[in-house]
Each structure stands twice: as structure tokens, then as C-alpha cells.
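Here is the structure we will look at, set down as C-alpha cells.
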């Protein structure tokens with residue numbers, strides 16, 4: 001039997017005198033340290049989240065380009081479907097962009113511009129999807145692309161092309177001259193296709209009308225993908241393709257406002 005003095009001599013088991021076992025002290029310190037580190041970690045994560053949200057809110061709207069309306073995005077992996085040679089723009093660079101819409105639409109856009117300057121001509125081939133019902137009127141879209149947003153367009157007659165008669169537009173009230181660009185629009189039904197654009201090529205209205213006709217006659221299809229109707233449309237159009245020489249241009253831009261067309265509207 002252990003004596004009373006032997007028990008008193010071992011302080012590890014004395015709690016009423018204020019003594020605590022070293023193992024308990026170490027465990028308490030470890031718990032306190034772990035809790036402090038956990039709180040610091042959670043606080044750091046919260047701070048990073050707050051900073052990230054603030055920076056995200058401060059970011060400007062990222063747009064894909066002047067021709068990319070809301071809902072459209074650049075289709076970087078899509079292959080070029082059309083080609084257009086313009087000998088008149090031999091000193092200018094061309095840019096080919098493809099945009100896609102989540103509802104199925106696709107826009108192939110070709111532009112020409114002198115290096116460092118604004119584009120001087122543009123052609124857009126639009127194959128609509130489910131977003132067509134939400135799209136802006138074609139005339140309004142063309143005006144925006146011509147840099148005439150907010151201005152009304154007025155009819156500027158018709159011009160012949162291998163796709164048939166093409167409707168022309170000009171900015172209402174703007175005097176003719178080198179800066180008076182000419183817009184154009186051609187809608188096809190089967191397949192549903194819209195070819196539109198504008199050009200500032202030429203110093204007179206007849207010259208710009210001729211430029212539009214030549215541009216559309218030179219538009220060729222490289223790949224129809226899984227759209228056989230598109231390939232058929234371009235194949236038939238090639239059979240009606242006219243030249244772009246001076247004689248051909250003159251036949252399109254006679255003194256009449258609307259040159260003679262091949263068929264009925």
C-alpha cells in the first residue's frame with residue numbers, strides 16, 4: 001500500500017494544487033495553434049474572394065470586334081468557307097473573320113483596308129439560325145457596319161450579279177463623293193442566306209455600283225460543309241457569272257438609275 005507521502009511527492013496527479021500533466025498542456029497548445037491557423041486560412045480565402053469579385057466587376061466589357069453583336073463569338077477553329085479576289089485592292093490587306101451564334105447562325109466577314117486605316121469595303125455572308133427572329137433589320141445592321149449608325153439609309157437602285165438583282169443603299173442626305181459609301185443587300189431563300197456589305201471604292205455612284213456587282217461576281221464558295229443546297233446555289237450562280245471588265249461595268253451603270261436586269265424581280 002502506497003503511503004500518503006508517496007502520493008504527495010508525485011505532482012503529475014495533483015489537480016487540486018494547480019499542477020497539470022505536460023501532455024495535456026501540449027495538446028491544448030496544439031489545438032489552439034491549429035484553430036488559429038484554420039481561422040487565418042479561411043480569412044485569407046475570404047479576402048481573395050472579395051478582391052476577385054471586385055476586380056471582376058471592374059473589368060470592361062470584352063467585345064470581339066466592331067462586327068460582333070451581342071450573342072456572337074469568334075469561331076477560331078472554323079474553316080474559311082468563302083473567297084473573294086479583289087485586284088482593285090491589291091495594295092490593301094484583307095481580313096477574314098467567322099462568328100457563330102449559340103442558336104446556330106454563322107457569319108463569314110471579309111474586309112479590305114489600307115494598313116493602319118479604317119476598312120474601305122466589307123462583305124458579310126450570313127447563314128442564320130434560330131437567332132434570326134431576334135436580329136435587327138438588315139438595313140439597320142448595314143448602316144452600323146458602314147459607320148452610319150443613327151442615320152437612315154435610302155434606296156440607291158439595283159445592280160445585277162450572278163445571284164440576281166441586288167438592292168443598293170446609301171446614307172440619306174449625304175452628298176456623293178469619295179466618302180459616300182454604298183451598301184448592298186441580297187437575300188436568298190433556299191438555302192436561307194443573306195449577302196450584304198458596303199464599299200467606298202469609286203468616286204461616283206456608277207463606279208460604286210459597278211464595284212458591288214464585280215464583288216459579288218467574284219465571291220466563290222470554298223466549302224459548303226453539310227449544306228448541299230449552299231453548294232448547289234453557288235454552282236448555279238457560277239453559270240450566270242459576268243465579267244468585271246470596263247465593258248461589263250458600263251452595261252451595269254448606264255444613265256438610268258437602275259441598270260437592266262436579267263430576269264424579273
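Assessment of the stretch 128-144 against the conditions (within 16 Å of residue 219 (Cα to Cα) and modelled with pLDDT of 90 or more) yields no matching residue. Counting only residues that are in contact (Cβ under 8 Å) with a residue 40 or more places away in the chain and in a helix (DSSP H, G or I), the stretch 215-236 holds 6 of them. Those strands (runs of 3 or more DSSP E) of the stretch 27-125 in which at least 3 residues are at pLDDT 85 or above and closer than 24 Å to residue 140 by Cβ, considering only elements entirely within it, cover 93-100, 106-113. For the structure I just gave you, tell me whether residue 180 is surrounded by 15 or more Cβ atoms within 10 Å (Cβ to Cβ) and in a helix (DSSP H, G or I). So residue 180 does not fit the description; no. If you filter the stretch 126-166 down to residues that are in contact with a helix residue (DSSP H, G or I) (Cβ under 8 Å, 6 or more places away or on another chain) and assigned to a strand (DSSP E or B), you find that the one that is farthest from residue 180 (Cα to Cα) is 127. Condition test on residue 218, is it in the same structural domain as residue 171 (by TED's automatic domain parsing), closer than 19 Å to residue 120 by Cβ, within 25 Å of the chain's Cα centre (by Cα) and at pLDDT 90 or above? Yes: the conditions hold for residue 218. Of all residues in the stretch 146-162, those that are within 30 Å of residue 238 (Cβ to Cβ) have Cβ atoms under 6 Å from Cβ atoms of residues that are assigned to a strand (DSSP E or B) and modelled with pLDDT under 90, 6 or more apart or on another chain, in 156/170. Please verify whether the stretch 188-199 includes one or more residues that are in the same structural domain as residue 218 (by TED's automatic domain parsing), at pLDDT below 90 and over 26 Å from residue 237 (Cα atoms). No, every residue in the stretch 188-199 fails to be in the same structural domain as residue 218 (by TED's automatic domain parsing), at pLDDT below 90 and over 26 Å from residue 237 (Cα atoms). Looking only at residues that are touching a residue at least 24 places away in the same chain (Cβ under 8 Å) and more than 15 Å from the chain's Cα centre (by Cα) in the stretch 98-118, which one is nearest to residue 220 (Cα to Cα)? Taking the candidates together, the pick is 112.
Residue-wise test of (1) in contact with a helix residue (DSSP H, G or I) (Cβ under 6 Å, 6 or more places away or on another chain); (2) closer than 24 Å to residue 112 by Cα.
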site: 187; (1), (2): no, yes
site: 192; (1), (2): no, no
site: 199; (1), (2): yes, yes
site: 205; (1), (2): no, yes
site: 224; (1), (2): yes, yes
site: 228; (1), (2): no, no
site: 232; (1), (2): no, no
site: 236; (1), (2): no, no
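The values are calculated or read from the model by the stated rules, or taken from the named source; none is laboratory data. None of the values given here were measured: they were computed from a predicted structure. Positions of Cβ are generated from backbone atoms using ideal geometry, with glycine treated the same way; all protein chains shown enter the neighbour counts.
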